[in-house]
1. Report yes if some residue within segment 120-138 is touching a residue at least 40 places away in the same chain (Cβ under 8 Å), in contact with a strand residue (DSSP E or B) (Cβ under 6 Å, 6 or more places away or on another chain) and on the phi > 0 side of the Ramachandran plot; otherwise report no.
2. State which residue is surrounded by the most Cβ atoms within 10 Å (Cβ to Cβ) when the search covers only segment 44-59 and only residues that are in contact (Cβ under 8 Å) with a residue 12 or more places away in the chain and outside any strand (DSSP E or B).
3. Would you pick out the residues in segment 60-82 that are among the basic types (K, R) and in a helix (DSSP H, G or I)?
4. Can you say whether A107 is of a type in the set (G, A, S), without any contact (Cβ under 8 Å) to a residue 60 or more places away in the chain and more than 16 Å from ligand 2 (Cβ to nearest atom), as far as the supplied structure shows?
5. Only one of G119, G145, G137, G86 is outside the structural domain of H193 (by TED's automatic domain parsing) and either under 18 Å from the mean Cα position of the chain (by Cα) or in a loop (DSSP other than H, G, I, E, B) (or both); which?
6. Exactly one of these conditions fails for D101: (1) within 16 Å of the chain's Cα centre (by Cα); (2) more than 27 Å from H193 (Cα to Cα); (3) surrounded by fewer than 17 Cβ atoms within 10 Å (Cβ to Cβ). Give me its number.
7. Any chance you could count how many residues in segment 67-83 are within 13 Å of ligand 2 (Cβ to nearest atom), under 19 Å from the mean Cα position of the chain (by Cα) and not acidic (D, E)?
8. Pairs only if they're at least six apart or on different chains, beta carbon under 7 angstrom, first in segment 1-30 and without any contact (Cβ under 8 Å) to a residue 24 or more places away in the chain, second more than 16 Å from ligand 1 (Cβ to nearest atom) and in a strand (DSSP E or B); list them, first residue then second.
Amino acid sequence: MERFDCRLLSRRTLSEGVRELAFARCDGQPLRFVPGQYVQVLFAADSYQGCYYSLSAPPQADGTFKLCVKDDDGLGARTLFALELGDTLAFAGPDGQLVLDREPGDAQRDVLLVATGTGIAPFRAMSDQLDARLSAGRRVQLLYGARQPVGLLYDDIWRELAARHEAFSYVATVSGEAQAGQEGVRRGRVTAHLAAALVASEAAQGELLALLCGIPAMVSEVRAALRDAGLDAAQIRTEY
Ligand SMILES: Cc1cc2nc3c(=O)[nH]c(=O)nc-3n(C[C@H](O)[C@H](O)[C@H](O)COP(=O)(O)OP(=O)(O)OC[C@H]3O[C@@H](n4cnc5c(N)ncnc54)[C@H](O)[C@@H]3O)c2cc1C
Ligand SMILES: NC(=O)c1ccc[n+]([C@@H]2O[C@H](COP(=O)([O-])OP(=O)(O)OC[C@H]3O[C@@H](n4cnc5c(N)ncnc54)[C@H](OP(=O)(O)O)[C@@H]3O)[C@@H](O)[C@H]2O)c1
């Protein structure tokens, strides 16, 4: 895996405790990656110990890249949140198999994306690819869960995609206590809405490609439910 130093260019708060950080490589080279892949933030320049973060924006023309980081008080978040603009940090990568186009014929498949919390990051990086796939006549469903509506990251991006493509279904779910401002948002965990998403894609289930990302327990439960519904293991992509 390649190692490189990067400089923090900008940061913004996406929701409480979640920040988006933009970086550029110090050597001036663009970071080349496939949407869905991650990088490793290294804790020391002379070791490979670090934390993994999905690249959270489509590849940029200027070669910069973004991460979407939750403040979970882990060493990764503490390291990233301590950076000032212009500070540098060592990275390794990119790597990862949670990508849309991996096998022959993948581009012809309808897609089901299931995410919770910051697990949306790799799917945000795919938004241009998803747009192109929808324009080519494929169906895409996104089932996305958070505790509160404000935790639905990139909600505006998904709503805008749904407004432009009838074949894009965005189902946002919220598991916390009911609050105001939940228009178009369903109640409960994503797992409570999975069966409905599968019914919606029943005609295409043999061709469906499912990508799952978020809390490991959610990934395991959704994977098991998809297998029970008849999907092959090869139709389901996860990072773990
Ligand atoms: C593929 C992948 C992608 C991810 N993408 C994202 C993302 O986009 N956004 C996001 O918010 N999170 C993401 N995560 C989660 C993130 O990488 C961290 O796992 C999570 O934030 C918890 O971090 P942690 O430091 O508590 O612990 P861990 O992930 O358990 O620890 C990370 C590493 O730090 C070491 N370590 C921990 N504490 C110390 C210490 N005090 N001294 C030395 N070493 C220590 C551990 O041994 C381990 O090697 C992703 C995880 C994976 C696997
Ligand atoms: N590429 C990758 O692999 C990658 C990328 C980014 C993030 N991640 C991982 O994604 C996770 C994101 O965590 P987060 O803290 O941002 O999320 P979070 O805010 O803690 O949780 C988001 C939602 O997940 C729900 N949930 C919890 N357990 C569930 C289960 N078993 N089945 C279905 N839904 C469940 C929660 O419901 P309740 O309120 O009912 O608990 C909540 O609605 C982290 O573990 C991170 O490591 C992985």
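1. Among the residues of segment 120-138, not one is touching a residue at least 40 places away in the same chain (Cβ under 8 Å), in contact with a strand residue (DSSP E or B) (Cβ under 6 Å, 6 or more places away or on another chain) and on the phi > 0 side of the Ramachandran plot, which makes the answer no.
2. S56
3. Matches in segment 60-82: R78 only.
4. Judged against the criteria, A107 is a match.
5. Unique residue meeting the criteria: G86.
6. Of everything listed in (1) within 16 Å of the chain's Cα centre (by Cα); (2) more than 27 Å from H193 (Cα to Cα); (3) surrounded by fewer than 17 Cβ atoms within 10 Å (Cβ to Cβ), D101 misses just condition (2).
7. Residues that pass the stated criteria total 6.
8. Cβ pairs passing all conditions: D27/F4.
The values are calculated or read from the model by the stated rules, or taken from the named source; none is laboratory data. Quick caveat, the model's predicted, so the values are computed rather than measured. Every residue, glycine among them, receives a Cβ derived from its backbone with ideal geometry; neighbour counts consider all protein chains shown.
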